[in-house]
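Shown next, in structure tokens, is the structure this report addresses.
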Amino acid sequence: MPTYNIPKTQKAAVVEKTGAPLQIRNDWPVKQQKDLAPGECLVKLDCSGACHTDLHAAIGDWPVPPVTPLIGGHEGVGIIVAIGDNTSNSPVKLGDRVGIKWLADSCLNCEHCRKGREQNCPHAKLSGYTVDGTFQEYVVSYVNHVTPIPEGFPSDAAASILCAGVTVYRAIKYSQTNPGDWIVLPGAGGGLGHLSVQYARVCGLRVIAIDTGAEKKNLCLKLGAEKFIDFKESKDIVADVRNATGGEGAHAAVVTSSAPGGYTQATEYLRSGGTLMCVGLPGDSKLVTSIFFTVFKSLNILGSYVGNRQDAREALDIAARGDVKVHFSVKPLAELKSVYDGMHHGTVAGRIVLDMTKK
Ligand code: 8ID
Ligand code: ZN
């Protein structure tokens, strides 16, 4: 069995109160092995992706409040360095490299867990929202929910599959599409979006990407989108999508932008029988659409919330084989504040991954 020296304190990005400025602290306590409960494990992180959800959590613009003080982060990859005493039947062991996703833990026994919808478990623990997340060097997680990282798949390349990848992979999986169908991806140049372009291509779908700016346009086209619509330049997005699809509209849309307008447009450019997968999370908006045409066109409108343990393994497996690649740049944890600024202004194409081993 490997042994690890676990320090008493560590570096962490902390939001003391919702909306308060982010602080980088060097004195944050590390939970020691003797203090871990059965089923808990301590993971020494290599890196963590930064998701727009972390920004929602720091600002506090969702109707479900996060804990405070808050350590955000839910796209972590690292090594298990301790496991709580009396943990039985652990599927992982010391030294394993694992991923931390949004769903840190669930009871595995309620109706939702039994049906594989673990993310809806009433006892769910959420990384970086209801329990401390991955914007720190050592994170407490749960042996039943950490995700083994395929051997040889670098940690920084894997990190953003744990949330962005899993989420769009599952949304596309349940989008009721067939190879050759048209799928529209509003938000396609962002963290979730650029992975949705690639998972859609893996599924044989024809992609119309919607986002703004030359950098995101080039990224989407390079990743396999057939058409790019700039939402700031288009005079009529609904007409543009209809024209691109030969008049009938698209079979599905996976909306990863958090602008409510993108949702309304989607219901208007879907063809009859089409499916809207709601993924982006504006905190206080309503979905405004025609009830008449929702019925008349037999539309499906579905919410899609991250993914379960199996979705995580499937999404990682596809990425580890090189069919989906996170487009990312690496920064130290100390730059998280500027990462949030970039996200807020929509200037991040793809993802930023924070290196926890850098000073
Ligand atoms: O389980 C879930 N449903 C889940 C999981 C993870 C994240 C949901 N989310 C949510 C986040 O909380 C956030 O609300 O998905 C949303 C997108 O997260 P992200 O991909 O991490 O954000 P980003 O990298 O900032 O990308 C958003 C993109 O949307 C574009 C922006 O330009 C950016 O590239 N965008 C915007 I803002 N308005 C748009 C519009 N009207 C738009 N693209 C098209 N049309
Ligand atoms: Zn996320």
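A short reminder: the numbers here are calculations on the coordinates, not readings from a lab. In this text, all values refer to a predicted model and were calculated from it rather than measured experimentally. Don't worry about glycine lacking a Cβ; one is built from the backbone with ideal geometry, like all the others, and counts go over all protein chains shown.
Yes/no per residue for (1) surrounded by fewer than 16 Cβ atoms within 10 Å (Cβ to Cβ); (2) away from ligand 2 (no atom under 16 Å from the Cβ):
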site	(1), (2)
Ser272	yes, yes
Thr275	no, yes
Gly283	yes, no
Thr289	no, yes
Val326	no, no
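Kindly indicate the residue of the range 43-62 that is in a helix (DSSP H, G or I) and not hydroxyl-bearing (Ser, Thr, Tyr) and also farthest from ligand 2 (Cβ to nearest atom) among those meeting that condition. So that I can check it myself, show each step before the final result.
Pass one, the range 43-62, residues in a helix (DSSP H, G or I): 52-59.
With not hydroxyl-bearing (Ser, Thr, Tyr) added as a condition, the list becomes 52, 54-59.
On the way: His52: 7, Asp54: 7, Leu55: 10, His56: 9, Ala57: 10, Ala58: 13, Ile59: 15 Å.
The extreme case among them is Ile59.
Quick test for you: out of Ala188, Ala158, Ala171, Ala200, pick the one residue that is crowded, with 23+ Cβ neighbours inside 10 Å and part of a loop (DSSP other than H, G, I, E, B).
Ala188
Find the residue count for the range 38-52, including only residues that are of a type in the set (A, V, I, L, M, F, W, C), over 24 Å from Cys107 (Cα atoms) and more than 9 Å from ligand 1 (Cβ to nearest atom).
The total comes to 2.
Go through the range 63-82 residue by residue and tally those that are within 15 Å of ligand 2 (Cβ to nearest atom), under 16 Å from Val140 (Cβ atoms) and in contact with a helix residue (DSSP H, G or I) (Cβ under 9 Å, 6 or more places away or on another chain).
Qualifying residue count, the range 63-82: 6.
Of the conditions (1) part of a loop (DSSP other than H, G, I, E, B); (2) within 14 Å of ligand 2 (Cβ to nearest atom), Pro150 fails just one. Which one is it?
Evaluating Pro150 over (1) part of a loop (DSSP other than H, G, I, E, B); (2) within 14 Å of ligand 2 (Cβ to nearest atom) leaves (2) as the failure.
Hey, which of the helices (runs of 4 or more DSSP H) in the range 221-307, taking only ones fully inside, have at least 1 residues that are under 17 Å from Gly187 (Cβ atoms) and within 15 Å of ligand 1 (Cβ to nearest atom)?
Where helices (runs of 4 or more DSSP H) fall fully within the range 221-307 and carry at least 1 residues being under 17 Å from Gly187 (Cβ atoms) and within 15 Å of ligand 1 (Cβ to nearest atom), they are 237-244, 260-269.
Which one is farthest from ligand 1 (Cβ to nearest atom) among residues in the range 332-359 that are closer than 22 Å to Leu195 by Cα and of a type in the set (Asp, Glu)?
Asp355
Report whether or not Leu55 is of a type in the set (A, V, I, L, M) and either under 30 Å from Ala349 (Cβ atoms) or within 16 Å of ligand 1 (Cβ to nearest atom) (or both).
Here the answer is yes, as Leu55 does meet what is asked.
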